[in-house]
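To keep things clear, I will list the structure first and then write my remarks on it.
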Amino acid sequence: MGTTVDKTGLESLRQLISFQSMIKGDSIYIQAERAMRDTRNKFLPNEREKKAKAGEQEKRTEFPVNIRKIIQKAGIQLYEINMNENMGFQLEKVKGHIRRQENEKWAIYVENDESEYDKRYIMAHEFCHLLIQEMRESEEQLDGNKSMQYCINPLFSKDKYELFADMMAAFLMFPYESVLECMEDYVEELKKKNTYPMDAFEWMCVLGRHAQISSYYTIISYQYLRHFLREYYSGIADDKFKQKYERFFR
């Protein structure tokens, strides 16, 4: 059941997140966020410091998360191909999938006819499918040869793991500290322009530009962030965090 994912990195993720506890536990959002933060720290260490030294405009945040680098450093093959040609009438559009190849190595396939902002989310979504599949094979003794998961929109999913992949991709590509810092900057900009109150869709567009994720996937991700931050603020956050961001919680 070989894979090109860094085994040490995968084991560190497994120590923090159990797939079974994600399904049954009360802290699914907390566990998933922690695992994705651990993933960024492993494959993109010291990202803020590097951006600050480079003098990048977004040095306060981790945005945009370099998902291509994560996939590359994990040793996963990435293919950008046309997956929807000559398929006749179909409601859904296949945007990506994972596949274990004949050499037992994982590969991620992404629809080439997508914007870069869409591709970045699809890559994250499929990367998270890969992590989920690895954890399921480890904990449930699944047949690894049958591992293939598709990213299909905009129809509804019958597969709960599709929603797990969305949730994990949200936490991977939208670090909550960076989201809150961007919200702070956005509010300050509104103050300067005297254009209160906040417009929800405009805020989604602003956040999407920072994260370099399309508005559609930003909105999907934001709902998971709201669930996480409610739980984080209510149960884990320290007084310093609450004092700094209290105005953003109701």
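Kindly establish whether P45 is modelled with pLDDT under 90 and either more than 29 Å from L207 (Cα to Cα) or assigned to a loop (DSSP other than H, G, I, E, B) (or both). Working first, answer last.
Numbers: modelled with pLDDT under 90: yes; either more than 29 Å from L207 (Cα to Cα) or assigned to a loop (DSSP other than H, G, I, E, B) (or both): yes.
Yes; evaluated as a whole, the condition is true for this residue.
Checked against the criterion of being more than 14 Å from the chain's Cα centre (by Cα), part of a helix (DSSP H, G or I), crowded, with 17+ Cβ neighbours inside 10 Å and without any contact (Cβ under 8 Å) to a residue 60 or more places away in the chain, region 209-228 has no qualifying residue.
Scanning region 170-208 for residues that are aromatic (F, W, Y) and either surrounded by fewer than 17 Cβ atoms within 10 Å (Cβ to Cβ) or assigned to a helix (DSSP H, G or I) (or both) yields F171, Y176, Y186, Y196, F201, W203.
Part of a helix (DSSP H, G or I) and either modelled with pLDDT under 95 or of a type in the set (D, E, K, R) (or both): is that true of K95 in this structure?
On the way: part of a helix (DSSP H, G or I): no; either modelled with pLDDT under 95 or of a type in the set (D, E, K, R) (or both): yes.
In short, no.
Here region 134-160 is the region considered, the condition is being surrounded by 17 or more Cβ atoms within 10 Å (Cβ to Cβ), more than 22 Å from G208 (Cβ to Cβ) and under 18 Å from the mean Cα position of the chain (by Cα), and the residue that is modelled with the lowest pLDDT is Q149.
The values are calculated or read from the model by the stated rules, or taken from the named source; none is laboratory data. As the structure is a prediction and not an experimental result, all values here were calculated from the model. Backbone-built Cβ (ideal geometry, glycine too); neighbour counts: all protein chains shown.
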